[in-house]
Amino acid sequence: MDEEYKILVADDEAGIRDLLRDLLSGSFNVDTVERGDEVLDRIARDRHDILILDLQLPGMNGIDVLRVISEKKVRVVVVVITASNNVETAITAMKLGAYDYIVKPFDAEKFLVIVKNIVERLELEREVDTLREQVGEKFRFVNVIGKSQAMLKIFSTLERVIDTDSTILISGDSGTGKEIIAKAVHYNSNRKQYPFRSLDCSTIPRDLIGSELFGHEKGAFTGAVSRKIGKFEVSSKGTLFLDEIGNLSIDMQAKLLRVLQEKEFERVGGNQIIKVNTRIVAATNRDLRELVKQNRFREDLYYRLNVVPVYLPLLKERKEDIPLFIDHFLKKYNTEFGRSLNIDIKARMFLTNYQWPGNVRQLENVIKRLVLLSTEKVVGPDQVKALLEFEDPAAPGPGDGDLEAQGTLPAGGDIVSMDEMEKAYLERALEHFDFNISSTAKALKISRKTIHNKLKRYGIVIHKTTVV
Ligand SMILES: Nc1ncnc2c1ncn2[C@@H]1O[C@H](COP(=O)(O)OP(=O)(O)OP(=O)(O)O)[C@@H](O)[C@H]1O
Ligand SMILES: [Mg+2]
């Protein structure tokens, strides 16, 4: 159990207060109070998570305390203690929102089970809270950009099914926006106050996927030291995003199919049937039908998943969206890095006609780097070209046809300091121009003097004979 949780014991009998304190203080932060009219002030002051409430208290009885808690929506989970001849009142307490009740004289073990269940529930609530904080307004549909026919069609499909329980299958190349669509579905649906979880079927080791998805019981296998609640269960009422579903092993496909059909499963090593109402959004960058043909993906599962198909085209196939993306990412990174960079029309044209092998993610990274690195107010085409060339000299430029190119930019998640980034960029630029200061300065649109200052600042030494 968790010492972070605070429990308030409200009982007028010193014996019960001491007993409960002994029972709980190893695992919790325990306070006690004798009078009913002090309970609410104590909770307001010390923010207890759990209240153990005797129903007969001096000052204010337990039922009245509960009434105020429910009216004022005080966030505390209440367990009431009642005498054996007063179970009726305990039921009233439950109707007022108490979590459970326990009859005196009580069984310590039973009591601890109740508390343990409460802790599990609090853990879940906490996760939902952090998620809400993280998300804020981030994943409104307004943040999913697109005005191309393909994107408009996707928006209208999603609008129609958003509040249903339909499974959605998103396919598209790397970086086309599968995950942002999955999140947008969840956070715009009536499931948004429940958890969104994702599982990347391509990175989790095969033998761990079962327990990640369905959880396991203590002792289910070596290393299962305690019960684990799987993602299906955590995201019940919410959404589970199964990324790279094409990588799921055949035996896991069978298990997943069963859950989709029956909406229930057992934890690994357990026999209790767990019922869930989890919405599945799956994504793949492979052609699942092809995998079905090759007997690597179950056809019945494919049909179960493909209830609402959403296909995200390559970025170069929806060029109308590129100008929107440029503005969107410029605004995002200007705000993030406190800049006010703009991109001139020629550079925008270049960006719009580029092939973007890494799709939207690559475009986003390019804009981010420009915002971070540019020393000027407006970026021109040369800087953009230079940046793309450094990233991958072999990458197809505009009009280079439909070359099969790999994702060329680093995934971009790791943020390094601007100095580090600038230093690395400068080094690569210098290398590209054979350490010719004049050419490098020209390409980066800064003066030779600025380059020399930066070399000094970053401790970059160039052998005299190569400096021009
Ligand atoms: N329509 C869009 N609107 C706004 N941002 C987008 C859009 N599409 C993609 N992005 C941004 O591009 C980046 C890549 O998108 P995302 O991670 O959703 O792609 P993915 O298809 O899941 O890629 P991968 O297959 O590599 O996992 C993200 O930072 C995302 O925010
Ligand atoms: Mg993804």
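Criterion applied to R279, R267 was being touching a residue at least 60 places away in the same chain (Cβ under 8 Å), away from ligand 2 (no atom under 16 Å from the Cβ) and charged (D, E, K, R), and the one residue passing it is R279. Of the helices (runs of 4 or more DSSP H) lying entirely inside the range 315-380, not one is found with 2 or more residues being at pLDDT 95 or above, away from ligand 1 (no atom under 16 Å from the Cβ) and small (G, A, S). Each residue in the range 333-360 was checked for being closer than 22 Å to D173 by Cβ, under 23 Å from the mean Cα position of the chain (by Cα) and surrounded by fewer than 20 Cβ atoms within 10 Å (Cβ to Cβ), and 0 of them qualify. The residues listed here are D18, D49; of these, the one that is in contact with a Phe, Trp or Tyr (Cβ under 8 Å, 6 or more places away or on another chain) and at pLDDT below 95 is D49. Counting just the residues of the range 169-214 that are aromatic (F, W, Y) and more than 15 Å from ligand 1 (Cβ to nearest atom), which one comes out surrounded by the most Cβ atoms within 10 Å (Cβ to Cβ)? Here the residue is F214.
The combined condition, being touching a Phe, Trp or Tyr at 6+ places or on another chain (Cβ under 9 Å) and more than 22 Å from L112 (Cβ to Cβ), is not fulfilled by I7. Mind listing whichever residues of the range 257-289 are basic (K, R) and at positive phi? If the condition is that a residue be basic (K, R) and at positive phi, then K263 is the only one that fits. Annotation for the range 277-288: at least one member residue is surrounded by fewer than 18 Cβ atoms within 10 Å (Cβ to Cβ), in the same structural domain as D163 (by TED's automatic domain parsing) and in contact with a helix residue (DSSP H, G or I) (Cβ under 6 Å, 6 or more places away or on another chain).
Listed by position, the strands (runs of 3 or more DSSP E) enclosed by the range 75-185 that each have at least 3 residues that are among the hydrophobic types (A, V, I, L, M, F, W, C), away from ligand 2 (no atom under 16 Å from the Cβ) and at pLDDT 90 or above are 77-83.
Could you tell me whether the range 444-462 includes any residue that is touching a helix residue (DSSP H, G or I) at 6+ places or on another chain (Cβ under 7 Å), part of a helix (DSSP H, G or I) and within 18 Å of K385 (Cα to Cα)? Yes, some residue in the range 444-462 is touching a helix residue (DSSP H, G or I) at 6+ places or on another chain (Cβ under 7 Å), part of a helix (DSSP H, G or I) and within 18 Å of K385 (Cα to Cα). Which one is farthest from E179 (Cα to Cα) among residues in the range 350-364 that are within 16 Å of ligand 2 (Cβ to nearest atom) and of a type in the set (S, T, N, Q)? Filtering the range 350-364 for residues that are within 16 Å of ligand 2 (Cβ to nearest atom) and of a type in the set (S, T, N, Q), the one farthest from E179 (Cα to Cα) comes out as Q362. Across the range 230-247, the qualifying residues are those that are at pLDDT 95 or above and among the hydrophobic types (A, V, I, L, M, F, W, C), and the one among them that is surrounded by the fewest Cβ atoms within 10 Å (Cβ to Cβ) is L242.
Can you name every residue in the range 186-221 that is within 13 Å of the chain's Cα centre (by Cα) and assigned to a loop (DSSP other than H, G, I, E, B)? Working first, answer last.
Let us first name the residues in the range 186-221 that are within 13 Å of the chain's Cα centre (by Cα), namely 186-187, 192, 194-200.
K192, Y194, P195 - these are the residues of the range 186-221 that are within 13 Å of the chain's Cα centre (by Cα) and assigned to a loop (DSSP other than H, G, I, E, B).
Annotation note: Cβ proximity below 8 Å between a residue of the range 169-192 that is assigned by TED's automatic domain parsing to the domain that holds F325 and a residue that is more than 9 Å from ligand 2 (Cβ to nearest atom) (sequence gap 6+ or interchain) occurs for no pair. Of note, K237 satisfies the criterion of being touching a Pro at 6+ places or on another chain (Cβ under 9 Å), in contact (Cβ under 8 Å) with a residue 40 or more places away in the chain and not β-branched (V, I, T).
Counting just the residues of the range 196-211 that are out of contact with any helix residue (DSSP H, G or I) (no Cβ under 6 Å at 6 or more places or on another chain) and at pLDDT 90 or above, which one comes out nearest to S174 (Cα to Cα)?
Ranking the qualifying residues of the range 196-211, first place goes to D200.
Taking the criterion of being surrounded by fewer than 17 Cβ atoms within 10 Å (Cβ to Cβ) and more than 25 Å from the chain's Cα centre (by Cα), the residues of the range 293-312 that qualify are K293, Q294, N295, R296, E299, D300, Y303. Please find, within the range 222-264, the residue that is nearest to ligand 2 (Cβ to nearest atom) out of those that are under 16 Å from the mean Cα position of the chain (by Cα) and outside any loop (DSSP other than H, G, I, E, B). Selected residue: D243. Scoring R286 on the criteria (1) in contact with a Gly (Cβ under 9 Å, 6 or more places away or on another chain); (2) more than 16 Å from ligand 2 (Cβ to nearest atom) leaves a single failure, condition (2). Scanning the range 23-68 for residues being surrounded by fewer than 21 Cβ atoms within 10 Å (Cβ to Cβ), in a loop (DSSP other than H, G, I, E, B) and without any contact (Cβ under 8 Å) to a residue 40 or more places away in the chain gives a total of 8.
The values are calculated or read from the model by the stated rules, or taken from the named source; none is laboratory data. Remember, it's a predicted structure, so these values are computed and weren't measured experimentally. FYI the Cβ positions are ideal-geometry reconstructions off the backbone, even for glycines, and counts take in every protein chain you see.
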